[in-house]
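For reference, the structure is listed below as structure tokens.
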Amino acid sequence: MEKTYNPKEFEERLYNDWEQSGYFKAVRDDDKVPFTVIMPPPNVTGQLHMGHAVDETMQDTIIRFKRMQGYCALWLPGTDHAAIATEVKVVNELAERGIKKDDLTREQFLEHCWNWKNRYGERIVNQLKKLGSSCDWSRIAFTMDDRCSKAVREVFVNLYNKGLIYRGARLINWCPGCRTAISDAEVEYEEENSYLWYIKYFIEGSDSEGLVVATTRPETMFGDTAVAVNPADERYKKYIGKNVILPIINKPVPVVGDEHADMAFGTGCVKITPAHDPNDFEVGKRHNLESVTVMNGDGTMNGFAGKYAGMDRYACRKAVAEELKILGNLIKTEPHTHNVGHCYRCHSAVEPRVSKQWFVKMEPLAKPAIGAVNDRKVTFVPERFAKIYYNWMDNVKDWCISRQLWWGHRIPVWYCKDCGKEICLKDDPAVCPECGGKNLTRDEDVLDTWFSSALWPFSTLGFPEDTSDLEYFYPTDVLVTGYDIIFFWVARMIFSGLEHMRKVPFRDVLIHGLVRDEQGRKMSKSLGNGVDPLDVIDKYGADSLRFSLLQGVAPGNDMRYSDSKVEACRNFMNKIWNASRYVIMNCEGRTIKSVTGFKLTHADKWIISRLQAAIRDVTLALNKFELGIACQIMYDFMWSDFCDWYIELTKAALYSEDGERKDNAVSVLLFVLENALKLLHPFVPFITDEIYRSLPHTTGSIMVSDFPRYNSKLAYKKEAAAFGGVMEIIKAVREIKVETGCAPSKKVNVYFVSDNKRLITTNAEYIARLAGCGNVKNINSKDDLDERCVAKVTGVGTLYIPTGELVDADKERERLNAELDKVTGEIRRADGKLNNTGFIAKAPKQLVDAERAKLEKFREMREKILEQLKNL
RNA sequence: GGGGGCAUAGCUCAGUUGGUUAGAGCGUUUGCUUGACAUGCAAAAGGUCGCAGAUUCGAGUUCUGCUGUUCCCACCA
């Protein structure tokens, strides 16, 4: 083995081997319990970012754990066509090449899209592989492949036939940048500084009397079809029923009384533009007002804006305000901040607009979906995210699913030109089923990308076919995703699963946070602060990156990425590497035995006991999806217990001349290392397998080995506790050396006055080696020593180190006094606790006894320290 | 307007049924070429766990209020 950990030498080789060996493939096995994870499909818009890296690492860790535990573990990968997002990218790319989308036919454009998809889809797969993802590539899916398309068609037609999909003219969110409708969930609101324009609309027939409306959007006045006042507003009551005249175009519109007008806001009069404002749309419906759309799809004004036709909406806003000022209708303007909706993809300001679109009726679907979470058929981890889900589901409005795009699932509806019939069928119709006419045209629009993602947990498993896989692997077990797509995706999968499969799509939803940069900012293209996972893998290795994304992270919390964190993890990998190197080097020529086949030393029992605790705790943590805690347990076990302590302890045996002793030591080392590697494998698959294959007694890959099981026979609780005393002694000697300025290399003699003489004699060699001692001996009392000594009180007994004249009495007194303070504090604390009658009466007996024992120990220590001080 | 999150060592964060002397990494100080590893070893300094109450024998952990910060949802033109 190389002296330092060099992941580049083996990561790719191992991944290829895993893949070729078929370890990733999940085939239905009725003797096994299935465990299914469906990968949230990354968009084929580009490459994976740090957020994906977290998501994939968590899934891979879980699936590897379950696979080793003996489940039939399926992790099904795939990618998403991301309708609007990809189309925007392709349009931009074409524009760079001087090609306009409008100049292409639908078919030509789609060809470009598929090219894009193939390019980026492949790239994403390679990135996933670099991360070590153990997904079943033979099942890779794409939201627009034949299988998924079939599912989409089936679902659309079923919902249509049930009346849950309908078409209608509604006020929807229109993105002038993407020139398509978008759903409520796709709108992001941002606070903007703007103005409130106060405009006077004269009463019909009067050139002085009028109503002043306050508006943030003067350019929409061409679409005003009323002015509303609150019916209870004494100031304006009398005008209800009269007309006011829209300036510039001199059009009369009625004054209506409507609760929507807030008497306290602005002037109390509000202009009503049903075609361009959701509230006004409602007012319009109540008063049967005309709806006048004044803009084109690209955000320019249309013919209703008269001379402003063709002008951009913002330019028009300025121009209208200017003209109103000249006309004398503009009373005043005042600064005003308000929230403006933006498209989550292209960031243009969204235009509310009346338009004919397709919708999914949400109420009947939402109800059971809320119930499923209520009944805990689906559980959010952490649970607080259920609230976010409820909040959205409880208030959900009908879902606008049509998009004026080309890239996506085309809506399966045809219109008969002869009889006007609307046709929605599972197979493309050749003739109109109503009149037999052949004059059919298909709806031009495509579906919201989330319509197909909503079916992902079952469309990927064969739906609508009743496949064996679907029966075996569905419902899936856990969905791992970020909190930012609970509305977009998680919620929609839940109601879709219930509606089309009659079963929830997954049992647990494991939510993680966002990866931020070192300063806590969101990683984004515009800030240029994104970190490419591939760069990190290139520099530190995939295992280091994986570990850094899991360690010290609480579920659902955002995390900060920092190079130093990955570096620390790389150091841990190096530690694992070198510890293994040590073990393997010492195996040469040795006989490996079962750890139950010979007499174990105290130290052996201690490390085996620690290993059992690690097995128990890691398994528990993983079952609860507490990946961060599990990592921490392994980090501490590996570095502190195994490397810092146990490996050092084995050197006594391994550098001795006793062959059997060496065999024993190596056997325990191997046993612990092998188990530790297995425990670590789900987190850091590459390094653990690379080492595992080098171990002298293993065959095959660690990824298909059995996950360790807790064995209570190997827990050795008593022995482990006793050995803790030896460790305490070693630390005490080291401490004295540092405090007295004694060179670490200088071998000092240590004498003990202890009740447990055997513990000292048995482990004298360890104490001598790890603390740098000459003689390590028991004595009956301090009086047996002639020399001047430094003393230290430990839980096992008092130790004395003769230091001759080297030690300064004042310094020693200072040290002892410090220790006295510490112990006295402990006595005070324990004493207080035990004097509390409530504690004695109500606390568990075990705890009270432990506290009593502690108090006793500290009291003894105190006596001994006082004695030391006196002797000085 | 409604609902969350966070507030613990200089920095970044763990701390999940309330119960050892509150932990880690990075940074800092001191000392070490100890035969796996200087991507290392040993030792150490550093915390009234945001504030005020409450519950409890016992609170970093539960509850209430407050302050700061941050996010989500809704959105008055």
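For residue A:834 and residue A:363, FRET efficiency with R0 = 51 Å and r from the beta-carbon atoms, rounded to 0.05?
Rounded to the nearest 0.05, the efficiency is 0.25.
Please list 3J(HN,Hα) in residue order for region A:24-36, calculated via the Karplus relation 6.51 cos²θ - 1.76 cosθ + 1.60 where θ = phi - 60°; whole Hz, with x for glycine and proline.
Using θ = phi - 60°, the values come out as 7, 6, 10, 10, 3, 9, 6, 7, 10, 8, x, 9, 10 Hz.
Binned at 10 Å from 0, what are the whole-percent values of the Cα-Cα distance distribution for region A:181-262, short to long?
In whole percents, the pair-distance histogram is 16, 42, 26, 14, 2.
If we count every other residue with Cβ under 15 angstrom of residue A:488's Cβ, Lys/Arg +1 and Asp/Glu -1, where does the sum land?
Computed value for this residue: -3.
Where the eigenvalues come from the Cα gyration tensor of chain A, what are the semi-axes √(5λ) of the equivalent ellipsoid, largest first, in whole Å?
71, 36, 24
Treat every Asp and Glu Cβ in chain A as -1 and every Lys and Arg Cβ as +1, leave all other atoms uncharged, and give the resulting dipole magnitude about the Cα centre to the nearest 20 debye.
That gives a dipole near 1500 debye.
Need the list of lysines near residue A:238 for cross-linking: C-alpha distance under 26 angstrom, and skip anything on the same chain fewer than eight residues off.
In chain and number order, the partners are A:200, A:251, A:271, A:285, A:332.
Any idea how far apart residue A:656 and residue A:169 come out in nm if each label point goes 7 Å out from Cα toward Cβ?
Roughly 9.5 nm, to one decimal.
Give me the percent of Cα-Cα pairs in region A:650-787 that sit more than 20 Å apart, rounded to a whole number.
Of the Cα pairs, 63 percent sit more than 20 Å apart.
Would you work out which of A:149, A:385, A:830 lies farthest towards the positive end of the dipole of chain A? Charges go on Cβ: Lys and Arg +1, Asp and Glu -1.
A:830
Separation between the residue A:841 and residue A:4 pseudo-spin-labels, each 7 Å from Cα along Cα→Cβ, expressed in nm?
With each label placed 7 Å out from Cα toward Cβ, I get 6.5 nm.
With charges only on Cβ, +1 for K and R and -1 for D and E, what is the dipole size of region A:1-123 about its Cα centre, in debye, rounded to 20?
The dipole of region A:1-123 has a size of about 100 debye.
Using alpha-carbon pairs under 8 Å, 6+ residues apart, how would you state the relative contact order of chain A in percent?
12
So what are region A:509-575's ellipsoid semi-axes, whole angstrom, largest first, if each one is the square root of 5 times an eigenvalue of the alpha-carbon gyration tensor?
For region A:509-575, the ellipsoid semi-axes come out as 20, 16, 10 Å.
Which whole-Hz couplings ³J(HN,Hα) result when phi for each residue of region A:240-254 is put into the Karplus expression 6.51 cos²θ - 1.76 cosθ + 1.60, θ = phi - 60°, listed in order with x for Gly and Pro?
4, x, 7, 10, 10, 9, 5, x, 6, 9, 6, 10, x, 9, x
Pull out the extension gain between residue A:327 and residue A:535, defined as 0.36 nm times the separation in residues minus the alpha carbon to alpha carbon distance; nm, one decimal.
The span from residue A:327 to residue A:535 would gain 68.7 nm if fully extended.
Taking the Cα centre of each part, how many Å lie between region A:54-86 and region A:446-499?
14
By how many nm would the segment from residue A:563 to residue A:775 lengthen if fully extended, with 0.36 nm per residue of separation less the alpha-carbon distance?
In short, 71.6 nm is gained.
Quick check: Cα centre of region A:675-714 to Cα centre of region A:716-748, how many Å?
After rounding, the separation between the Cα centres reads 32 Å.
How large is the translational diffusion coefficient of region A:435-574 in µm² per second when you combine the Kirkwood radius over alpha carbon pairs with Stokes-Einstein at 37 °C and 0.692 mPa s?
The calculation lands on 178 µm²/s.
Taking R0 as 51 Å, what's the FRET efficiency between residue A:822 and residue A:484 from their Cβ-Cβ distance, rounded to 0.05?
E(calc), rounded to 0.05, equals 0.55.
For region A:662-710, state the semi-axes of the equivalent ellipsoid (square roots of 5 times the eigenvalues of the alpha-carbon gyration tensor), sorted largest first and rounded to whole angstrom.
18, 12, 9
Once you have the Kirkwood Rh of region A:246-381 from its Cα pairs, apply Stokes-Einstein at 37 °C and 0.692 mPa s and quote D in µm²/s.
177
Just round it to a whole percent: the fraction of Cα-Cα distances in region A:68-150 exceeding 19 Å.
More than 19 Å apart: 49 percent of the Cα pairs in region A:68-150.
How large is the charge dipole for region A:639-693, taken about the Cα centre, if only the Cβ atoms of Lys, Arg (+1) and Asp, Glu (-1) carry charge, to the nearest 20 debye?
The calculated dipole for region A:639-693 is roughly 120 debye.
For Cα pairs less than 8 Å apart in space and 6+ apart in sequence, what is the mean separation divided by the residue count of region A:628-690, i.e. the relative contact order in percent?
Relative contact order here is 29 percent.
Cα centroids of region A:583-615 and region A:378-402: how far apart, whole angstrom?
52
Cα extents of region A:742-872 along the three principal axes, largest first, in whole Å?
Projected onto the principal axes, the Cα atoms of region A:742-872 cover 51, 35, 26 Å.
Distance in nm between label sites at residue A:99 and residue A:706, each 7 Å beyond Cα in the beta-carbon direction?
Reported label-point gap for residue A:99 and residue A:706 is 5.8 nm.
Could you check how much of the accessible area of region A:126-212 is carbon and sulfur, as a whole percent, using a 1.4 Å probe?
The nonpolar share, carbon plus sulfur, comes to 42 percent.
Compare A:406, A:456, A:197 by solvent-accessible area with a 1.4 Å probe and give them largest first, with all protein chains kept in place.
Largest to smallest exposure gives the sequence A:406, A:197, A:456.
Go from 0 up to the bin containing the longest alpha carbon distance in region A:498-653, width 5 Å each, and give me the % of pairs per bin.
2, 7, 12, 15, 15, 13, 11, 9, 7, 5, 3, 2, 1, 0
Under the definition of Cα pairs under 8 Å and six or more residues apart, what whole-number percent is the relative contact order of region A:817-872?
Relative contact order here is 49 percent.
Run down the aspartates and glutamates and flag those whose C-alpha is under 16 Å from the C-alpha of residue A:539, throwing out any fewer than 8 positions away in its chain.
A:9, A:11, A:12, A:563, A:567
Given a Förster radius of 22 Å and the C-beta distance between residue A:585 and residue A:17 as r, what FRET efficiency does 1/(1 + (r/R0)^6) yield to the nearest 0.05?
0.35
Averaging the inverse of every distinct alpha carbon separation and then flipping it gives the Kirkwood radius. What is it for region A:599-650, in angstrom units?
11.4
Please compute P(r) over all alpha-carbon pairs of region A:629-697, binned at 10 Å starting from zero, and give each bin as a whole-number percent.
19, 46, 28, 6, 0
From the helices alone, meaning DSSP H stretches of at least four residues, give me the mean residue ellipticity at 222 nm for chain A, per-run term -39500 (n - 2.57), in deg cm²/dmol to the nearest 500.
One gets -13500 deg cm²/dmol as the mean residue ellipticity at 222 nm.
Using a 1.4 Å probe and ignoring any ligands, DNA or RNA, find the accessible area of residue A:815 and quote it in Å² to the nearest 10.
30
How far, in nm, would the chain grow between residue A:419 and residue A:527 when pulled straight, counting 0.36 nm per residue and subtracting the alpha carbon separation?
Extending this stretch completely gives an extra 33.3 nm.
By a straight-distance test (C-alpha under 27 Å), which lysines pair with residue A:89 as possible cross-link partners, with residues fewer than eight away in the same chain excluded?
Residue A:89 reaches A:100, A:101, A:117, A:129, A:130, A:150, A:356, A:522, A:525.
The values are calculated or read from the model by the stated rules, or taken from the named source; none is laboratory data. These figures come from a predicted structure and were not determined experimentally. Positions of Cβ are backbone-derived with ideal geometry, glycine not excepted, and every protein chain shown enters the neighbour counts. These accessible areas exclude ligands, DNA and RNA; they are computed on the full protein's heavy atoms, side chains included. Shrake-Rupley method; radii C 1.70, N 1.55, O 1.52, S 1.80 Å.
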